[in-house]
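This report concerns only the one structure given below.
Each value in this text was obtained by applying a stated rule to the coordinates, not by laboratory testing. A quick note: this is a predicted structure, and the numbers were derived from the prediction, not measured. Cβ atoms come from the backbone with ideal geometry, glycine included; neighbour counts cover every protein chain shown.
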Amino acid sequence: MRVGFLGTGEITAAMVRGLAGQGHQILVSPRNAAMAATLAAEVPELSIAPNEVVVAQSDTVFLCLLARVAPEVLPGLPFRAGQSVISVMVDAPLAKLQGWCAPATDIAMTIPLPPIAKGGCPLPVYPPSLALDHLFGDRNLVIPLTSEAALAAHMGASALCATQLDQIMTTANWLAGFTGNPDAAEAYVAAMIRAYLPDRPRGGELPEALRMLSTEGGFNATLRAAMAPSRDELRRALDGFRKRLGLPGAEEKPE
Ligand SMILES: NC(=O)c1ccc[n+]([C@@H]2O[C@H](COP(=O)([O-])OP(=O)(O)OC[C@H]3O[C@@H](n4cnc5c(N)ncnc54)[C@H](OP(=O)(O)O)[C@@H]3O)[C@@H](O)[C@H]2O)c1
């Protein structure tokens, strides 16, 4: 497949690395020039081309710009009917994308994360996209959604990453205070948490794991009880995203 990227920043770099070596022809736009040059040196099947050429010569185009520049950059590019367009831009609603990328109609939105470079990244997508499945489905977990609101809610949920990493680092630092080996402490805590997370979750595995960790008076149950207030704080902070994400208020039900 011929795959194009408009905007060659952090997330394009991760997606290109995740696609490399799989027989695709990859085109990236020249900005950011340093990143484009780095990727061209790393990935033999990648070429750098102006935005018009990226769009004209790609079967699938990923929109990886900052949303605020999209209205200046996208209209006027030679999008065509039958071409797949996949936006990763937060804050760019589907109705706007449809206007900017006409006459293309196969337009989807997804939320890649930097670990897509290695695979194993969840990719919630709305509307479902055969192109995304084809390009990234083998190595990542594509999650088709039935509404734009559901995708927005996934955006909110993705904010958990920094909090969880922070807790892992806090625990690793505490451990290293006794072992004197910060790298080994980080490796231990990260591997321990990873061991509880299924590669292809089917649902129900986490509650069962939590039940197994609930021995009364055990270290896990004791720490969880001490941290219980943070559960409500997490809910409140997630709810605080509703307005920004265009989600209904706490008292309203999603349509
Ligand atoms: N980073 C993430 O983890 C992540 C995750 C999910 C979604 N996203 C979304 O992905 C998008 C890109 O994020 P990012 O982190 O990759 O940002 P970034 O590193 O700032 O990349 C944006 C790129 O757009 C380029 N650009 C600006 N004007 C352009 C133009 N006229 N034509 C072509 N390219 C142009 C910039 O080039 P210059 O540097 O030369 O200005 C830069 O390379 C954002 O909408 C973001 O919300 C990011």
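Computed from Cα atoms, the angle from the helix 148-157 axis to the main principal axis of the chain rounds to 50 degrees. Can you tell me which of THR146, THR12, THR171 moves the most in a GNM of the chain? Springs connect C-alpha atoms under 10 Å apart. Maximum among the listed residues: THR171. Here the stretch 121-213 is assigned +1 on the Cβ of each Lys and Arg and -1 on the Cβ of each Asp and Glu. Its dipole about the Cα centre then comes out at about 160 debye. Dividing the summed -39500 (n - 2.57) terms of all DSSP H runs of n ≥ 4 by the residue count of the chain sets its mean residue ellipticity at 222 nm at -13500 deg cm²/dmol.
Please build a GNM for the chain, connecting alpha carbons under 10 Å apart, and tell me which residue among PHE62, PHE79, PHE178 fluctuates the most. Maximum among the listed residues: PHE178. Looking at the stretch 2-146, what % of its DSSP beta bridges pair antiparallel, to the nearest 5? Counting only bridges with both partners in the stretch 2-146, antiparallel ones make up about 10 percent.
Given a Förster radius of 51 Å and the C-beta distance between ASN32 and SER214 as r, what FRET efficiency does 1/(1 + (r/R0)^6) yield to the nearest 0.05? After rounding to 0.05, the efficiency reads 0.55. Taking the DSSP beta bridges with both ends in the chain, the antiparallel portion is around 10 percent. Subtracting the Cα-Cα distance of ALA81 and ARG68 from their residue separation scaled by 0.36 nm leaves 2.2 nm.
Less than 12 Å from a label point 7 Å out along the Cα-to-Cβ axis of ASP106: which backbone N atoms in the stretch 1-18 qualify, by residue? Label zone hits: 1-2.
Placing dummy labels 7 Å off each Cα toward the beta-carbon, the span from GLU205 to GLN164 is 1.2 nm.
Take the Cα of ASN181, step 7 Å toward its Cβ, do the same at ASP91, and the gap between the two points is 4.5 nm.
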